[in-house]
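Below you'll find the structure, written out as structure tokens, and then a few comments.
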Amino acid sequence: MHQRNFKLFLAVLILVAASLACQLAFSTAKVENLRLAQDETGQQTTAQFNPEDTFYLVGDLSNAPDDTKLKAVWTAIEVEGADPNTVLEERELTAPSGPFWFSLSQESGIWPAGRYKVEVFLDDELSLSMEFQVVAPPEPTAPPTATPEPTATTAPTAPAAQAGLTQAFTALDEQGQRPSSAFAQADKIYTLFTLDPGQEGASVKGTLIAVDAEGLDPNYQFTEIEESFGSGQNVIWFENSAPWPKGIYRVDLALDGQPAQSLDVEVVSTNTSGAVVTEAYSTLDNEGQQASETFPTNGAVYIQFTLDSAPADTVVRGVMVAADAEGLDPYTYITEAGADLGSGSYTFTFTNDSPWDVGSYVVYIYLNGELGGSVRFQVQ
């Protein structure tokens, strides 16, 4: 095994929205819209790179005083020619609010295939981590040989049904416009892939495995999906009515029963705004004066909660799940409410056109996709 030399070329672009005479200082800085890309503008987002590519990490810094520190740490998790979890390079910069980008290029040749990650630290605190892959191009195949003309004594042989699954990646949306290997606890994990032409009806099975996640045994098989697909780009997705435990996961794809590709993903902390839920409870009235943990089958359910240290654009979602209710599977998704909110006290109202099923329920409160609190109650 030989060592490879890596060199980081760091470039940062900062745009100031206010004039110099009207600069404002903010007490809470946060990193937003972070994505990996093939260009410094962040338009060509991706989670998979070719060996000769330059890696770009693009994002926005908001509510940031002029002395806010950003640090990017690039790591080779599992790649050829390097020890596991080798730190390739890290750099720091001091910047105000505005767009920024980092880049990492391989000066001595090409990137070895494997798994990588980049961590972003905001004022020395880990803000976000994104994992990505370098995928070697496929080996060139020999041109097809001519098929002999059939004769009276030899019937033509039908080609074997060999299906190919390529261009697999995970994303935050069904169309694959936001490729990512990092997900929030409330996200769906979309997995896109391409089947070779002529593979109508091919069976693809996707298995989600929690390799190392909080509260789960190592390599715990979370769920699996199997469906038939046609040629071209297809998508499957994994969703969980409860929050995903934070940690490392793997998506295994099998084609017609044979292993095809594996993709590594991570469920990470996404509430970097500093917002917290300081109080949350269920109540029988919209004003929160009649706190209760039991509700009738008819009528609304009110969830009262208080946000502290929350910027005005904090994305808050309340997701109601039937934890153990009659006639429903455990942790069946029921409904949700949401809004962009700042600090203050609020109420989410949940109604149902038909009576609530008797049993226990929980409302998960997500702040920017990360679990911020939960409220449990009974319907009886």
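Quick note: the coordinates plus some simple rules give every number you see, no bench work behind them. These numbers come from a predicted model, not from an experiment. Cβ coordinates were reconstructed from backbone atoms using ideal geometry, including for glycine residues, and neighbour counts include every protein chain displayed.
Taking 0.36 nm per residue of separation and subtracting the current Cα-Cα distance, fully stretching the chain between Gln290 and Gln43 would add 83.9 nm. Each residue, Gln175 and Asp340, gets one label point 7 Å from its Cα in the Cβ direction; the gap between the two is 2.0 nm. A simple charge model with +1 on the Cβ of Lys and Arg, -1 on the Cβ of Asp and Glu and nothing else charged puts the dipole of region 234-284 at about 120 debye relative to its Cα centre. A simple spin-label model places pseudo-atoms 7 Å from Cα toward Cβ; at Asp357 and Tyr331 they are separated by 1.6 nm. Ordering Tyr249, Tyr302 from the fewest to the most neighbouring beta carbons within 10 Å gives Tyr302, Tyr249. Counted by Cβ distance under 13 Å from Glu119, the other residues give a net charge of -4, where Lys and Arg count +1 and Asp and Glu count -1. Put a dot 7 Å past the Cα of Asn85, heading toward its Cβ, do the same for Ser262, and the two dots end up 1.8 nm apart. With 0.36 nm allotted per residue and the present C-alpha distance subtracted, the Ala136-Thr347 stretch has 70.8 nm of extension available. Couplings 3J(HN,Hα) for region 222-233, derived from phi with the Karplus relation 6.51 cos²θ - 1.76 cosθ + 1.60 (θ = phi - 60°), are 6, 6, 9, 10, 9, 9, 9, 9, x, 6, x, 7 Hz, where x marks Gly and Pro. Normalised by residue number, the volume inside the convex hull of the Cα atoms of region 20-134 is 99 Å³ per residue. Going from the fewest other Cβ atoms within 10 Å to the most, the residues Val73, Val268 appear in the order Val73, Val268.
In the chain, Rg over Rh equals 1.05, where Rg is the alpha-carbon radius of gyration and Rh the Kirkwood radius from pairwise Cα distances. Would you list which lysines come within 22 Å of Lys71, measuring only between C-alpha atoms, while excluding same-chain residues fewer than 8 positions from it? Result set, ordered by chain and number: Lys7, Lys30, Lys117.
Does a label point 7 Å from the Cα of Ala300, set along Cα-to-beta-carbon, have any residues of region 321-359 with amide nitrogen under 11 Å, and which are they? What the label zone holds, given the 11 Å backbone N cut-off, is 347-352.
Just need the Rg to Rh number for region 219-365, please, alpha carbons only, Kirkwood Rh.
Reported Rg/Rh (Cα atoms, Kirkwood Rh): 1.06.
The mean sequence separation of alpha-carbon pairs under 8 Å and at least six residues apart, normalised by the residue count of the chain, gives a relative contact order of 12 percent. Fewest neighbouring Cβ atoms within 10 Å first, the residues Phe183, Phe350 line up as Phe350, Phe183.
Per-residue Karplus couplings for region 244-257, computed as 6.51 cos²θ - 1.76 cosθ + 1.60 with θ equal to phi - 60°, are listed in order as 5, x, 5, x, 9, 10, 9, 9, 9, 10, 10, 10, 6, x Hz, Gly and Pro entered as x. For region 167-237, the list of GluC sites (Glu not before Pro) that fall in a loop by DSSP and count at most 14 other C-beta atoms within 10 angstrom reads Glu174, Glu200, Glu214. Under 5 Å between amide hydrogens, built in the peptide plane, is the criterion, and for Phe49 it picks out Gln133, Val134, Val135 among residues at least 5 positions away or on other chains.
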